[in-house]
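Novice: I am attaching a structure below and will ask some questions about it afterwards.
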Amino acid sequence: MSHPRYRGVFPVVPTIFDERGALDLGGQRRCLDFMIDAGSEGLCILANFSEQFVLSDEEREVLTRVMLDHVGGRVPVIATTTHFSTRICAERSRRAQEAGAAMVMIMPPYHGATIRVAEPGIQAFFQGVSDSIGIPIMIQDAPVSGTALPAAFLARMAREIEQVAYFKVEVPFAANKLRDLIALGGEAVEGPWDGEEAITLMADLDAGATGSMTGGGYPDGIRRIMDAYRGGRREEAAAAYQHLLPLINYENRQCGLLAAKALMKEGGVIACDAPRAPLPPLHPATRAGLIEVARKADPLVLRWAR
């Protein structure tokens with residue numbers, strides 16, 4: 001494998017709303033400052049864990065500009081530009097690059113439960129986006145798309161499409177797929193990455209993952225695992241993972257995309273942790289359970305704003 005341009009901990013930035021459901025840009029900036037202070041080596045914006053599916057196109061543009069301006073180059077930023085249309089996805093990706101994004105993350109084209117595109121169309125889709133930009137593309141391989149992306153197909157796109165170089169793998173048996181992808185893609189696979197809130201992080205690192213895209217609530221904890229592993233201290237990394245695993249599991253199985261905002265509100269980083277309707281808020285008992293588990297892990301999010 002080649003030396004990647006980007007590696008390490010790149011958590012997803014949640015979108016911050018106020019009690020009325022409007023964008024809270026002040027809270028958004030505090031969220032970014034916390035995530036950088038907590039050791040994020042990069043950030044991902046406008047992803048599914050950012051509730052990108054409840055945002056208007058105009059809000060996406062505002063958030064892209066505000067967040068990239070506020071980060072100001074402190075860390076690289078990946079912008080999610082997923083859209084079914086090749087033309088619109090390419091335009092989104094080009095605007096993200098112009099605004100300062102270091103990479104774009106894109107899912108294969110899909111719509112609803114039944115509209116899918118076959119492999120030739122998927123390859124043409126990513127080729128069209130690649131031809132429009134000069135920054136890397138991360139393909140998001142996630143069950144939500146309902147699209148099978150075999151390792152051999154991903155490796156072929158990495159070899160044949162200039163900007164396709166990174167892969168966030170969050171499907172079942174991710175470690176096996178990462179091993180196959182690395183073996184088949186070789187130098188063209190610049191970034192095989194772990195996803196799904198780090199629930200499979202240690203197995204994925206053992207398989208060769210060089211990056212991890214998690215939720216945004218505790219980058220400091222994920223960073224301790226990654227730093228130890230990269231330093232050749234696997235036992236230390238495994239111990240740090242075991243310490244954090246109850247919180248990782250609670251986020252992954254009980255809270256999903258609302259965990260990061262709940263932790264940030266509890267720690268005073270943001271004023272409101274509500275999702276945008278029709279997503280329901282966390283049940284009070286679930287939220288209490290999250291905070292209880294988090295206090296035992298002692299993440300910076302609960303202390304940063306104190």
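The values are calculated or read from the model by the stated rules, or taken from the named source; none is laboratory data. Predicted model, so just to flag it, every value in this text is computed and none were measured. Here the Cβ positions follow ideal geometry from the backbone for every residue, glycine too, while neighbour counts run over all protein chains shown.
Novice: Please pick out the residue among F125, F153 that is over 17 Å from V189 (Cβ atoms) and among the aromatic types (F, W, Y).
Specialist: F125
Novice: Ok, one more. Do the conditions hold for Q163, that is, is it closer than 24 Å to E187 by Cα and in contact with a helix residue (DSSP H, G or I) (Cβ under 8 Å, 6 or more places away or on another chain)?
Specialist: When the stated conditions are applied, Q163 passes them.
Novice: When you go through (1) modelled with pLDDT under 95; (2) within 22 Å of R5 (Cβ to Cβ) one by one for F126, which number turns out not to apply?
Specialist: Here F126 meets the rest and fails (1).
Novice: If I filter the stretch 251-282 down to residues being assigned to a loop (DSSP other than H, G, I, E, B) and of a type in the set (D, E, K, R), which single residue comes out as surrounded by the most Cβ atoms within 10 Å (Cβ to Cβ)?
Specialist: Result: D273.
Novice: Same structure again: Could you list, ordered by first residue, the pairs with Cβ atoms under 6 Å in which the first is in the stretch 61-75 and over 15 Å from A102 (Cβ atoms) and of a type in the set (A, V, I, L, M, F, W, C) and the second is assigned to a helix (DSSP H, G or I) and modelled with pLDDT of 95 or more, at least 6 apart or interchain?
Specialist: The qualifying pairs are V66/L25.
Novice: For the stretch 179-232, give me the residue count where each residue is of a type in the set (G, A, S), without any contact (Cβ under 8 Å) to a residue 60 or more places away in the chain, crowded, with 23+ Cβ neighbours inside 10 Å and not in a helix (DSSP H, G or I).
Specialist: Residues flagged as of a type in the set (G, A, S), without any contact (Cβ under 8 Å) to a residue 60 or more places away in the chain, crowded, with 23+ Cβ neighbours inside 10 Å and not in a helix (DSSP H, G or I) within the stretch 179-232 amount to 2.
Novice: Something else now. Can you go through D57, D24, D18 and tell me which one is without any contact (Cβ under 8 Å) to a residue 40 or more places away in the chain and of a type outside the set (A, V, I, L, M, F, W, C)?
Specialist: One residue alone meets the criteria, D57.
Novice: Separate question: Could you check how many residues of the stretch 233-257 are free of Cβ contacts under 8 Å to residues at least 40 places away in the same chain and farther than 16 Å from R287 by Cβ?
Specialist: Total satisfying the criteria: 10.
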